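The values are calculated or read from the model by the stated rules, or taken from the named source; none is laboratory data. No experiment lies behind these values; they were computed from the predicted model shown. Cβ atoms come from the backbone with ideal geometry, glycine included; neighbour counts cover every protein chain shown. These accessible areas exclude ligands, DNA and RNA; they are computed on the full protein's heavy atoms, side chains included. Shrake-Rupley method; radii C 1.70, N 1.55, O 1.52, S 1.80 Å.
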Amino acid sequence: MKRFLSIVLLFTLFLVGCAPTQPPATEAPTAVPTALPLTSTSEPKTLNVFAAASLMDAFNEIGKNFEAANPGVTVTFNFAGSQALRTQIEQGAPADVFASANTTEMDALIKGSFVASDAPQAFLKNKLVVILPANNPAGLTKLEDLAKSGIKLVLAAEEVPVGKYARQALDTMNGQFESDFKDKVLANVVSNEDNVKQVVAKVQLGEADAGIVYTSDAIASPDLKTIEIPAALNVIAKYPIAPLAKSANADLAKAFLEYVLSSDGQAVLQKWGFTPPQ
């Protein structure tokens, strides 16, 4: 009898040992992010963007957004007058993207083979406005006041896009006001600046009674007063953007352009006073 019980016990232990084991519990799979980076990089990279000074506020915000979407990428900006940036690029400054406030400087880089002829894309428009110090010491209220003798006016230099646009607008105003209106206004110019941000700074510091800048610059400086320039007398600036032909970060430059042209990028530009290119 004992032998029979021993055989039964051994048989039972054998069956238990052969029974399949339960697989260990597993965690739920991690959700895949729905917002993927615009690019993927295995090592830190720096994207050098040369941009017109008027783009400073908007592009600084766009740059932060682009970096957030692309871990490991740092966007470095060089803001200046478009004509100065073009010269720097021609002299060998390392740049991946160029954003100009006019087509003249972009065309010059195309001619010099720094930018492919089919690369530039229009990405925004801008227009002019007159800015005044917050206390408006000269008591200016209308465009005609710019011709008053003795006021201090600051413009960007004629070779700077906004300086050229301002003088074109003054040409148009000659037909609206008196025939020598432009000459009287230019006689009041006390300083010609290298870029639009320097014009803004002179007015903010009270070193000028007025300046002519872009609408975007006035929005970025809410402490200043403005005199609007009617559409019939205004000049519309068209901005092109392009990657440099010899960019060391061609894929990254392309991704940055795509972001600037995207609905998110355009929303940032419009927030800062720019209008869509079309």
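Given labels modelled 7 Å from the Cα in the Cβ direction, how far is it in nm from GLN121 to GLU61?
For GLN121 paired with GLU61, the spin-label model returns 2.1 nm.
Considering only Cα-Cα distances, which of the following residue pairs are longer than 27 Å: LYS127/LYS202; LYS111/LYS182; LYS64/LYS111; LYS111/LYS184? Working shown, then result.
Working: LYS127/LYS202 20 Å; LYS111/LYS182 33 Å; LYS64/LYS111 32 Å; LYS111/LYS184 37 Å.
Those over the limit are LYS111/LYS182; LYS64/LYS111; LYS111/LYS184.
Once Lys and Arg get +1 and Asp and Glu get -1 on their Cβ, which of VAL196, ILE212, PHE274 lies farthest toward the positive end of the dipole of segment 138-278?
PHE274
Where only protein heavy atoms count, and the probe is 1.4 Å, what is the accessible area per residue for segment 145-278 in Å²?
45
Quick one: Karplus J couplings for segment 214-230, per residue in order, coefficients 6.51, -1.76, 1.60, θ = phi - 60°, nearest Hz, x for Gly and Pro?
For segment 214-230, the Karplus curve yields 7, 4, 4, 6, 5, 5, 6, 10, x, 6, 8, 8, 9, 10, 6, 10, x Hz.
Where a Cα-Cα gap under 17 Å defines reach, which aspartates and glutamates qualify for LYS225, not counting those fewer than 8 residues away within the same chain?
By straight Cα distance, LYS225 reaches GLU144, ASP145, GLU207, ASP209, ASP217.
Using alpha-carbon pairs under 8 Å, 6+ residues apart, how would you state the relative contact order of segment 46-115 in percent?
Rounded, it is 42 percent for segment 46-115.
Hey, rough spin-label estimate for GLU207 and ALA232, points 7 angstrom out along Cα→Cβ, what's it come to in nanometres?
Distance between the two pseudo-spin positions: 3.7 nm.
Within a Cβ distance under 10 Å of GLU178, other residues only, what is the Lys/Arg minus Asp/Glu net charge?
Summing Lys/Arg as +1 and Asp/Glu as -1 gives -1.
Do any GluC sites (Glu not before Pro) in segment 175-250 lie in a DSSP loop with no more than 15 other beta carbon atoms within 10 Å, and if so, which?
Details: sites: GLU178, GLU193, GLU207, GLU228; in loops: GLU178, GLU207.
In loop regions of segment 175-250 (DSSP not H, G, I, E or B), the sparsely surrounded GluC sites (Glu not before Pro) are GLU178, GLU207.
Tally Lys/Arg at +1 and Asp/Glu at -1 over every other residue whose Cβ is under 13 Å from the Cβ of GLN198; what's the total?
Details: positive: LYS197, LYS202; negative: GLU193, ASP194, GLU207, ASP217.
Result for the neighbourhood of GLN198: -2.
How much length, in nm to one decimal, is gained on full extension between ALA93 and ASN192, taken as 0.36 nm per residue of separation minus their Cα-Cα distance?
33.1 nm
Mind ranking 210-217, 231-238, 141-148 by how tightly packed they are, going by the mean number of other C-beta atoms within 10 angstrom, highest first?
Those peptides, ordered most packed to least, come out 210-217, 141-148, 231-238.
Rounded to the nearest percent, how much of the accessible area of segment 206-269 (1.4 Å probe, protein heavy atoms only) is carbon and sulfur?
On segment 206-269, the fraction of accessible area on carbon and sulfur atoms equals 55 percent.
Please state the charge dipole magnitude for segment 70-169, taken about the Cα centre, from unit charges on C-beta atoms (+1 on K and R, -1 on D and E), reported in debye and rounded to the nearest 20.
With only Lys, Arg, Asp and Glu charged at Cβ, the dipole is about 400 debye.
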